[in-house]
1. If each DSSP helix of 4+ residues adds -39,500 (n - 2.57) and the sum is divided by the residues in the chain, what number results at 222 nm, nearest 500 deg cm²/dmol?
2. Would you mind ranking I2, I34 by Cβ crowding within 10 Å, fewest neighbours first?
3. Expressed as an acute angle from 0 to 90° and rounded to the nearest 10, what is the orientation of the C-alpha long axis of helix 2-45 relative to the principal long axis of the chain?
4. Hey, with R₀ at 30 Å, roughly what FRET efficiency would I27 and N4 work out to, going by the Cβ-Cβ distance, to 0.05?
5. Grab the alpha carbons of the chain, take their convex hull, and tell me the volume per residue in Å³.
Amino acid sequence: MIHNIFRGALHKFEDVSQKFQDVSQKIKNHNDLITEIFNENMTFIN
């Protein structure tokens, strides 16, 4: 019984951690895009 609860909690934790990694990756991609656009604009201004 307790073993099942523990295993269920572990699966939940893995799901959450996977979602968190996905979000982190999206944020990183977004930041890379902003940096790219910013750099292009700076070279355009200069």
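1. Working: 1 runs with 44 residues, N = 46.
Calculated mean residue ellipticity at 222 nm is -35500 deg cm²/dmol.
2. I2, I34
3. 0 degrees
4. On the way: r = 35 Å, r/R0 = 1.16.
The calculated FRET efficiency here is 0.30.
5. Given the Cα convex hull of the chain, per-residue volume reads 29 Å³.
The numbers here are math on the coordinates, done by the rules we state, and not lab data. On a predicted model such as this, the values are computed, not experimentally measured, just so you know. Cβ sites come from the backbone with ideal geometry, for glycine too, and all protein chains shown count toward neighbours.
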